[in-house]
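The values are calculated or read from the model by the stated rules, or taken from the named source; none is laboratory data. Just so it is clear, the model here is predicted, and its values are computed rather than measured. Heads up, the Cβs are rebuilt from the backbone with ideal geometry, glycines too, and the neighbour counts pull from every protein chain shown.
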Amino acid sequence: MSISRIFPRLFLALFLSTTFKAAANIDSPHNSKMGNPRPKSASQAPAQDYAKYYFICTSENSKQQGESVTHIVLSIAEQRLYAYHDDQLVAWSNVSTGKTGHDTPLGTFKITQKHIDHFSNKYNNAPMPYFMRLTDDGVGFHAGNLPGYAASHGCIRLPMGMAKELFTHTPAGTPVTIIAGRIDPGNFGSDTAPSFFPQT
């Protein structure tokens, strides 16, 4: 075989081999385009972290078991809810409020309806378990997905466990205050927050 025929075939083989290796490196989760390990994003939290909550009323050693929630404060900035019995913080929970264009309203409201098996009248009959209504146009608390940011159509989504507890311990007529800013730990009647207060 002549040299003029060997070189084109050799060149084609080398080209295909290099192309396949490059594609494999790009697709690999352990390699960047330069072949170095890809760092994990520090901003990515496990999905279960978004659904964290704490309800002292149901803690085995709590002296406050069975006590009702007398008012609720919700921070849009924190995406977090705080529930009180009188001036004592008894529960907190991560939430997901209304996304841009469907903002959760600010102000003070009262729970006007409780419905354990509620379905949306506005959004394709979407299930809203443990629903507690705040406004006439359908904004309220209910169990739902928490992606770690405001993502609802205006309602306040809660982890399923928290939705059940809040529904059980919060009577109709309970006042709910929704604020844009963050919660001041000084509101708890002391300079420091309770031991179960979330650290982030």
Would you check if there is a residue in region 156-177 being buried (at least 21 other Cβ atoms within 10 Å of the Cβ), more than 13 Å from the chain's Cα centre (by Cα), part of a strand (DSSP E or B) and not aromatic (Phe, Trp, Tyr)?
yes
Give the number of residues within region 77-99 that are of a type in the set (Val, Ile, Thr) and either closer than 14 Å to LEU134 by Cβ or free of Cβ contacts under 8 Å to residues at least 12 places away in the same chain (or both).
2
Just one of the numbered conditions (1) of a type in the set (S, T, N, Q); (2) over 20 Å from the mean Cα position of the chain (by Cα); (3) modelled with pLDDT of 90 or more is not true of THR58; which one?
(3)
Output the residue which, of all residues in region 92-131 that are among the hydrophobic types (A, V, I, L, M, F, W, C) and modelled with pLDDT of 95 or more, is surrounded by the fewest Cβ atoms within 10 Å (Cβ to Cβ).
LEU106
Is at least one residue of region 72-81 exposed (fewer than 15 other Cβ atoms within 10 Å of the Cβ) and either in the same structural domain as TYR53 (by TED's automatic domain parsing) or more than 21 Å from the chain's Cα centre (by Cα) (or both)?
yes
